[in-house]
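**Student:** Pasting a structure here, questions to come.
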Amino acid sequence: MTPSQGLPEVPENANQQCPGTSSDQAGKSAACAGCPNQSICATAPKGPDPDLAAIAARMATVRHKLLVLSGKGGVGKSTVAAQLAFALAGRGYEVGLLDIDICGPSVPKMLGLEGQEVHSSGAGWSPVYPQDNLAVMSIGFMLPNPDEAVIWRGPRKNGLIKQFLKDVDWGQLDFLVVDAPPGTSDEHITIAQCLQSAATAGGAPSGGTSAVIVTTPQDVAVIDVRKEVSFCRKVGLPVLGVVENMSGLLTPAAKCTFTAVPAAPAASAAPAGAAAAADVTSAVLALLQERFPGVELRVGAEVFRAGGAADRMCAEMGVELLGRVPLDPALGEAADAGRSVADAAGGGDGGEAAAVGEVDGAGRGAGGGAGLVCLPALMGIVDKVVARTLGAQGGANGVDATQAQQAG
């Protein structure tokens, strides 16, 4: 890897007698054993990458690249990436969504594009468009059937990622959202280095490449997500902030079931739950409606933990907590249906639904359209992403400060 691809010639934390990141022996010599940068140096291409010129030409028309990352699998990266792309497009921006999870592509399902295929023309590969200002590309469009396993080693994955960047006719984009697999390995190194190097080589007028990192509240997730923050810093990738997904369960009481189990005497040795449970849902909902007429009651619970693991990580590592998204059945339904969760509220970007709700001090939704308890938190996160990339004047109408100046 050359210094322009993320690391200096001799990183500060390198071993003594480091051969240099641009050397053919980088990551391979005996002096590299145990170095924290060894895997990055060993897998990075040496010398000028012939694909960078083509990538730079494509990416010159993309203003902002957002990598949705996490060190842990199953935290909802694809859900966050899909809903972020939907919301940005709903605000009038030109948006691309690139799925580089080669072995587990979820984007076709979450965008309602299953069964679509990639077509090519003289301009390159044509992305799939679920709407006029949202372009999507995934290996899922290239598989003969959705059950086909992709059994590839790193170099082949890296080659396809480069093809997505240099051969896809993305056109003019305000945002390219990239849904990455979990970890800090080949795909992440390739996408970060290609986008950063292409921006340097092409002199693109964009705001560059940055990361949105997703976690869940458990310590076991945060432990790995801390490694993702460290990875971003090693490769020089700015972190916009952290999204805590599945931050407690918050759902309308009308969607819950209620059971009654006889309380066991204190001295009883019977295991909890041994008695038959009676369904009392209708009676409980009737009582709640009588006691609280004219309002929607919501039930909340901390499913994983309460205690601020993400808060502590953000404070210790100096990154911003963009918001907390609660577990919401409506969000899961939207992902399975391949649509924006804001559509259920009747608004293109969720603005109307968010206006009737509130977001608590940590960015967790406390209101919203009927049943859409996650929407205010999601829209608050989108607001912050727009503000961090386009500036304070980037708004719901899709006009940012630069565009406004040009129009004036």
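**Student:** Extent of the stretch 134-212 along each principal axis, from alpha carbon coordinates, in Å, largest to smallest?
**Tutor:** Here the Cα extents, ordered largest to smallest, are 40, 27, 23 Å.
**Student:** Next up: Give a residue-ordered list of calculated ³J(HN,Hα) values for the stretch 224-237 (Karplus: 6.51 cos²θ - 1.76 cosθ + 1.60, θ = phi - 60°; whole Hz; x for Gly, Pro).
**Tutor:** 6, 5, 4, 5, 5, 4, 4, 4, 4, 6, 5, 9, x, 9
**Student:** If you average the C-alpha positions of the stretch 297-338 and of the stretch 131-158 separately, how far apart do those two centres end up, in angstrom?
**Tutor:** Here the two parts' Cα centres lie 28 Å apart.
**Student:** Quick one: Karplus J couplings for the stretch 18-35, per residue in order, coefficients 6.51, -1.76, 1.60, θ = phi - 60°, nearest Hz, x for Gly and Pro?
**Tutor:** Ordered by residue, 3J(HN,Hα) equals 4, x, x, 5, 8, 6, 5, 8, 4, x, 10, 6, 4, 5, 8, 4, x, 5 Hz.
**Student:** Right, here's the next one. Along the Cα→Cβ direction, 7 angstrom out, place labels at Asp336 and Leu288. What is the inter-label distance in nm?
**Tutor:** Roughly 2.1 nm, to one decimal.
**Student:** Using a cut-off of under 15 Å, list every residue of the stretch 179-194 whose amide N is near the label point 7 Å from the Cα of Val220 along the Cα-to-beta-carbon line.
**Tutor:** Once the point is set 7 Å along Cα→Cβ of Val220, nothing inside the stretch 179-194 turns out to lie under 15 Å by backbone N.
**Student:** Here's a follow-up. For Ala53 and Glu117, FRET efficiency with R0 = 22 Å and r from the beta-carbon atoms, rounded to 0.05?
**Tutor:** FRET efficiency, Glu117 to Ala53: 0.15.
**Student:** Something else: Please list, in chain and number order, the residues 5+ apart from Arg298 or on another chain whose amide H is under 5 Å from its amide H, with Hs placed from the backbone.
**Tutor:** Correct list: Ala253.
**Student:** Also, quick follow-up: Per-residue HN-Hα couplings for the stretch 328-333, Karplus 6.51 cos²θ - 1.76 cosθ + 1.60 at θ = phi - 60°, whole Hz, x for Gly and Pro?
**Tutor:** With the stated coefficients, the stretch 328-333 comes to 9, x, 5, 5, x, 5 Hz.
**Student:** Convex hull over the Cα atoms of the stretch 49-162, averaged projected area in nm²?
**Tutor:** Here the figure is 8.1 nm², rounded to one decimal.
**Student:** Expressed in nm to one decimal, what extension gain is obtained for the pair Val10 and Ala301 from 0.36 nm per residue of sequence separation less their Cα-Cα distance?
**Tutor:** That pair, Val10 and Ala301, stretches by 99.8 nm at full extension.
Here, each number is a calculation from the coordinates, and none is a lab measurement. Computed from a predicted structure; not experimentally measured. All Cβ positions, glycine included, derive from the backbone under ideal geometry; neighbour counts span all protein chains shown.
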